[in-house]
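The block underneath contains the structure these notes are about, expressed in structure tokens.
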Amino acid sequence: MHEGETLGPALSYMAGEVPYKDFLFLHGVFEDPVRSVVAFKLFGKSIGSVRALESILKVFLFIMLAIFLMQIFRGNYLYYLIVFLTLTLFYKHIFGFSRRLMFFKTMDITTFSFLVTVPVLYRFSDLKRINPKKFLITVFFFSFIPLASFGYSVDRGAYLFATYLIVSPILYFLFFHKSHFRRHYLASSFFGLLAAILLLNVLFRGAFYDFFEFTFLTLTKYRGLQGGFIYPIEQIAYLAVCVIIAANTFWVAYKFMQELYLNNGKVRPAFRQFIEKYFIEFCLLLMSIFFYRSALGRSDWMHVGYSSSLTYILSLYILIKHYLHGILQRERFNKFRKILVYTVTFIVIVSSVGGIYRIYKKDLITKRFPIKVKDSEFILDKYKATIKFLKNNLKGDEKFFTFTNEASWYYFINQPAPTRFPALIYAMPYFYQEEVVEDLKKANIKYVLYTNSDWYNSVSGFDFEGFSNAVRFPIVLAYLKKNFVFYKMIDDNEIWIRKSDLRSLS
């Protein structure tokens, strides 16, 4: 099940283990273990609680997106609704297209929360408009969110913090360096960064070095080789996104060259005027390029979809602000403007009514917020007998290990993973496989779930991403074959047992 990446690590986190030191995961400490831990504390320990929290976070994500769009369009509801409706259209299947054009993941709460601060801070570049209290608060969150984002998602944290390291000095030296607000800017930035460090310290349980070592020194060496795909540039959908990014880049670069020409080739005044006129466009371009790095590392449509939202937003922003707005201001287009307003209003009303009806008809409140739904409603039928068998036959300090890539099994039997890898897929490098073997030797492993028919678990049959676990983990497999033997099939779950335990049973 898709919650496995959070449910499995959550058991390790709740057992007091230290993230990045005692157990490893890929996305981020909140996105993986802590998300489930928070859900359990809020709503009780269940899969439904995790799904409910995910829905709450998704609602908050769209609220932050809406606030950001309102900020950049200065409260112009027509333009805001055009963009929001277009993004909603991209978020669904449109025009017979077999897949969505765009996805939003809850980790983008950090993205749009950061972006909300950008236009607010930019307006303070007019020093006469600065409210000291609001300025301090804005700079604080502008500095806090990028670094704190490492606690939610490593990818988003890296790209947001890289953006911050570029944009913050630009704002400071162009607008605040020579003003009496420079101390406000520097002090608030310092406290924002300090607060982020303190938050990360709590989430990481003090394991900063372990986080840095795994994320920046180890993972970067093998992550692309472990799960990457060659970017299918020959496919129109994948090519189209690159073309849009290139068009956005060309437009922004062209505007800078215009300013450079108007300032007789003098870079500093040209850059200042460029930032004054196109700061939002510059930030969105920077972030959209950074974010698309995720799609280049793992080039399936899901990763392309959730890495390209800012690309679409930037394109729409350029088209509306620099072209549509000018057209609508002309007197001869007054009729067109009225038609556009009525059309957008009609679509909003129809969409709202249709959305409310869909929520009622499909009982989406219960489905999206299944707080009181028992785990048995979510667990696959073919898992239930195996879970019961493991719970009934694991005694004392006896442990269970899954050779599949499904970390949910540790949640099902309420037992932390016996290795540092709740999801085995992240232990592909040989040195991690050797570590897994050493952990298995130390643990009192009685049963192993060797394989089943699920696409992400397969050792034989359908292979996850074209490779079976037997190919991915030869060192671990050699140890299992030496010390364990086939015991029984429960539905389609192949259970192995430690050889010494099999002899005692016979």
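Taking the Cβ-Cβ separation of Leu380 and Gln329 as r and a Förster radius of 60 Å, what is the calculated FRET efficiency to the nearest 0.05?
0.55
With a bin width of 5 angstrom, please list the P(r) values of region 151-277 as percents of all Cα-Cα pairs, from the 0 bin to the one holding the largest distance. P(r) for region 151-277, in whole percents per bin: 2, 8, 9, 13, 14, 13, 14, 14, 9, 3, 1. The charge dipole of region 379-505, taken about its Cα centre with unit charges on the Cβ atoms of Lys, Arg (+1), Asp and Glu (-1) only, comes to about 600 debye. Between Tyr231 and Ile137, the modelled label-to-label distance comes to 4.1 nm, taking each label 7 Å out from Cα in the direction of the beta carbon. Taking Cα atoms only, the orientation of helix 108-123 departs from the longest principal axis of the chain by about 20 degrees.
By the gyration tensor of its Cα atoms, with a ≥ b ≥ c the square roots of the eigenvalues, what is the shape of region 63-214: rounded for a/c under 1.5, prolate for a/b over b/c, or oblate? Let's see the in-between values first.
Values: a/c = 2.68, a/b = 1.20, b/c = 2.23.
Here region 63-214 falls in the oblate category.
Taken over region 379-505, the alpha-carbon convex hull comes to 99 cubic angstrom per residue.
Peptides 370-380, 30-40 ranked from most to least packed by the mean count of surrounding Cβ atoms within 10 Å: 30-40, 370-380.
The number of Lys pairs in region 86-182 with C-alpha atoms less than 21 Å apart, excluding pairs fewer than 8 positions apart on the same chain, is 4. Can you find, among Phe421, Phe144, Ser294, the residue farthest towards the positive end of the dipole of the chain? Put +1 on the C-beta of Lys and Arg, -1 on that of Asp and Glu. Ranked along the dipole, the leading option is Phe144. Stokes-Einstein, applied to the Kirkwood radius of region 1-146 over Cα pairs at a viscosity of 1.002 mPa s and 20 °C, places its translational diffusion at 120 µm² s⁻¹.
Summary of packing: across the peptides 43-55, 324-336, the per-residue average of other C-beta atoms within 10 Å ranks them, highest first, as 43-55, 324-336.
The Cα-based radius of gyration of the chain, divided by its Kirkwood radius, gives an Rg/Rh of 1.02.
Rounded to the nearest 0.05, what FRET efficiency is calculated for Leu198 and Arg293 with R0 set to 25 Å and r the Cβ-Cβ distance?
0.30
Would you work out the relative contact order for region 199-296, in percent, from Cα pairs under 8 angstrom that are 6 or more residues apart? About 20 percent, as a whole number. Partners of Lys482 within straight-line reach, counting aspartates and glutamates whose Cα lies under 20 Å from its Cα and excluding those fewer than 8 residues away in the same chain: Glu398, Glu434, Glu435, Glu438, Asp439, Glu494, Asp501. The 3J(HN,Hα) values that the Karplus relation (6.51, -1.76, 1.60; θ = phi - 60°) gives for region 273-280 are, in residue order, 5, 4, 5, 4, 8, 10, 5, 4 Hz. Gly and Pro appear as x.
Here the peptides 358-367, 217-226, 176-185, 274-283 are ranked by packing, the mean other Cβ count within 10 Å, and the order with the highest first is 274-283, 176-185, 217-226, 358-367. Straightening the chain between Asn263 and His177 buys 28.7 nm, computed as 0.36 nm per residue apart minus the Cα-Cα spacing. Take every pair of alpha-carbon atoms less than 8 Å apart whose residues are at least six positions apart; their mean separation over the length of the chain yields a relative contact order of 18 percent. The trypsin sites (Lys or Arg not before Pro) of region 389-437 that DSSP puts in a loop, and whose beta carbon has at most 14 other beta carbons within 10 Å, are Lys395. Calculated translational diffusion coefficient of region 204-311 (37 °C, 0.692 mPa s; Stokes-Einstein with Kirkwood radius over alpha-carbon pairs) equals 200 µm²/s.
A straight Cα-to-Cα reach below 12 Å connects Lys384 with the aspartates and glutamates Asp375, Asp491, Asp492, residues fewer than 8 places away in its own chain not being considered. With the simple spin-label model, which puts each label point 7 Å out from Cα in the Cβ direction, the Ile244 to Phe346 separation comes to 2.6 nm.
Read the figures in this text as sums done on the coordinates, not as results from a lab. Quick caveat: nothing in here was measured; it's all calculated off a predicted structure. With ideal geometry, Cβ positions are generated from the backbone for all residues, glycine too; neighbour counts draw on all protein chains shown.
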